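Single-structure report; data block below.
The values are calculated or read from the model by the stated rules, or taken from the named source; none is laboratory data. As the structure is a computational prediction, the values presented were derived from the model and not from experiment. Positions of Cβ are generated from backbone atoms using ideal geometry, with glycine treated the same way; all protein chains shown enter the neighbour counts.
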Amino acid sequence: MPIGITRSTSVEVSGGTPPYTYTWQEDEQRMWQDMTGTSQASVRDNTILIVKPDSKNSWVYNSNFRCKITDSAGASVTTNVIAITAPFTIFKQPTRKSLAAGESSAFTVEVYGGKKPYAFVWQRLSRGTWQNIVDSGTAWNARTSSLAITITLKPDDSWLYNEIIRCKITDASGTTLYTDDVICQYRD
């Protein structure tokens, strides 16, 4: 469902023993949680109203929903999953740093959308080729990754140091994004 759109969906059931109870559920870290209505969804019996906010906050709303219907005899059935996914996007780019010998700093990237989990791999440009330097691994809840750099060169080697880094981020569907190239520059 695109950003900024509101949708509603209803379920119909037949058979079993009426009356029916409708329990809308949201996938929370691979566990289905009952919903009673949230800032992103309004629930009323067999209908759910799903609201997609603006793209700036859409990372909160990558969700899967379903409805569990139970009849008065206790028999239940669950609908197919309704998936809502924002586009996979880099929300916060790392920024250029200027460090003196012995100083440390961190580069940070933040993503949203796509399909969790995300894999973050920090890379360095070395002789025209990108080399992996830190693999932050894959985490279900992580939307951010940071890389700490400490300048360890001697002052007389300062002309040697101009590090170019980036982060490669891949979501669970295999879509890969790269941050902008960022310079970590040595300064006296």
### Query
Which one of these does ILE69 not meet: (1) buried (at least 18 other Cβ atoms within 10 Å of the Cβ); (2) under 24 Å from PRO117 (Cα atoms); (3) modelled with pLDDT of 85 or more?
(2)
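So which residues in segment 90-117 are polar (S, T, N, Q) and either surrounded by 14 or more Cβ atoms within 10 Å (Cβ to Cβ) or at positive phi (or both), if there are any at all?
GLN93, SER105, THR108, listed by residue number.
Only strands (runs of 3 or more DSSP E) wholly contained in segment 109-188 count here; list those with 3 or more residues that are more than 12 Å from ILE90 (Cβ to Cβ) and at pLDDT below 85. Outline the logic, then answer.
Details: elements: 118-126, 129-139, 144-150, 162-170, 176-178, 182-186.
Because the criterion is at least 3 residues that are more than 12 Å from ILE90 (Cβ to Cβ) and at pLDDT below 85, the strands (runs of 3 or more DSSP E) in segment 109-188 that meet it are 129-139, 144-150, 182-186.
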### Query
Somewhere in segment 22-34, is a residue modelled with pLDDT under 80, part of a loop (DSSP other than H, G, I, E, B) and not hydroxyl-bearing (Ser, Thr, Tyr)?
yes
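Modelled with pLDDT of 85 or more, touching a Ser or Thr at 6+ places or on another chain (Cβ under 9 Å) and not in a strand (DSSP E or B), is that true of GLY16?
yes
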